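For reference, the structure is listed below as structure tokens.
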Amino acid sequence: MSKLLPPEAAYWKAVTALLLDRFERAREDPEKGAMSAEAMIIIAALVLVAVTVMGIVTAKIIEKANSINL
């Protein structure tokens, strides 16, 4: 009987260990990775702009694709 884990289980175990280690380090120094509210608002605005542009471009591409007659 093999003592090796399947690749999925080994991956899941490694990711879980990594996240637990990061949580533990975050508890030791809570101010280390903190972001200001201004930075969060700017990031949210940039994400909103990116999603809007992506929606406009997608609509234009679909409109052009539907106008092609085969």
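Values in this text are rule-based calculations from the coordinates and carry no lab data. Fair warning: this is a prediction, and the values are worked out from it, not measured in the lab. Counting neighbours? That spans all protein chains shown, and the Cβs are built from the backbone with ideal geometry, glycine included.
Taking the C-alpha atoms only, the angle from helix 7-28 to the longest principal axis of the chain is near 80 degrees.
Between the residues Leu46, Asn66, Ala26, the greatest Cα displacement towards the positive end of the dipole of the chain, with unit charges on the Cβ of Lys, Arg, Asp and Glu, is found for Asn66. Around the Cα centre of the chain, unit charges on the Cβ atoms of Lys, Arg, Asp and Glu (plus for the first two, minus for the last two) sum to a dipole of about 300 debye.
Sort the chain into rounded, prolate or oblate with this rule: let a ≥ b ≥ c be the square roots of the eigenvalues of the Cα gyration tensor; rounded if a/c is under 1.5, and if a/c is not under 1.5, prolate when a/b is larger than b/c, oblate otherwise. Note, shape of the chain comes out oblate.
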